[in-house]
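Colleague: I have a structure here, written as structure tokens, and I will follow up with some questions on it.
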Amino acid sequence: MPKEKTILLVDDFEIIRNLNEEVLRRHGYNVLTANYGKDALQVAQEYAGPIDLLLTDVKMPGMNGRELADQLTALRPQMKVPPRRTALSSAGGGR
């Protein structure tokens, strides 16, 4: 059985975040969630295990997705970050 992968999911829209979290969990992923970039940094610092993937909204208050990805990969270089244009970044319809 493959090792469970952990995803850090960041989106300021609760409905989008909850829906994506549910889908990912149904597919066997361990999902950590955060509302904003600042919260995601705290989650990443406090979580003892590896975080395999970051899925983040691109446009969020305070810190955008690219800034968050840059800071998180400095803390966790093994964490993968998909290309900028992902399903999550386009789900908000150009917010």
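Colleague: What is the extension gain from residue 66 to residue 30, computed as 0.36 nm multiplied by their sequence separation minus the C-alpha to C-alpha distance, in nm to one decimal?
Modeller: On the way: separation 36, 0.36 × 36 = 12.96 nm, distance 2.27 nm.
Going from the current span to full extension adds 10.7 nm.
Colleague: Please rank 12, 39, fewest neighbouring Cβ atoms within 10 Å first, as an exposure proxy.
Modeller: Working: 12 19, 39 16.
The most exposed by this proxy come first: 39, 12.
Colleague: Something else: Mind checking the full-extension length gain between residue 39 and residue 74? Use 0.36 nm per residue of separation minus the Cα-Cα distance, one decimal, nm.
Modeller: On the way: separation 35, 0.36 × 35 = 12.60 nm, distance 1.62 nm.
Roughly 11.0 nm would be gained on extension.
Colleague: Quickly rank 55-65, 25-35 as a protection proxy: mean count of other C-beta atoms within 10 Å, highest first.
Modeller: On the way: 55-65: 18.6, 25-35: 14.8.
Highest mean packing first, the order is 55-65, 25-35.
Colleague: For region 61-70, in order, what is each residue's ³J(HN,Hα) by Karplus, 6.51 cos²θ - 1.76 cosθ + 1.60 with θ = phi - 60°, in whole Hz (x at glycine and Pro)?
Modeller: Couplings: x, x, 8, 7, x, 5, 4, 4, 4, 4 Hz.
Colleague: Just to be sure I understand the curve: with the Debye formula and one point per C-alpha of region 1-62, what is log10 I(q)/I(0) at q = 0.12, 0.14, 0.19, 0.24 Å⁻¹?
Modeller: Scattering profile of region 1-62, log10 relative to I(0): -0.27, -0.37, -0.67, -1.01.
Throughout, read-outs are computed from the coordinates displayed, never taken from laboratory work. Keep in mind that what you see is a predicted model, and the values were worked out from it rather than measured. Every residue, glycine as well, gets a Cβ built from its backbone with ideal geometry; the counts of neighbours run over all protein chains shown.
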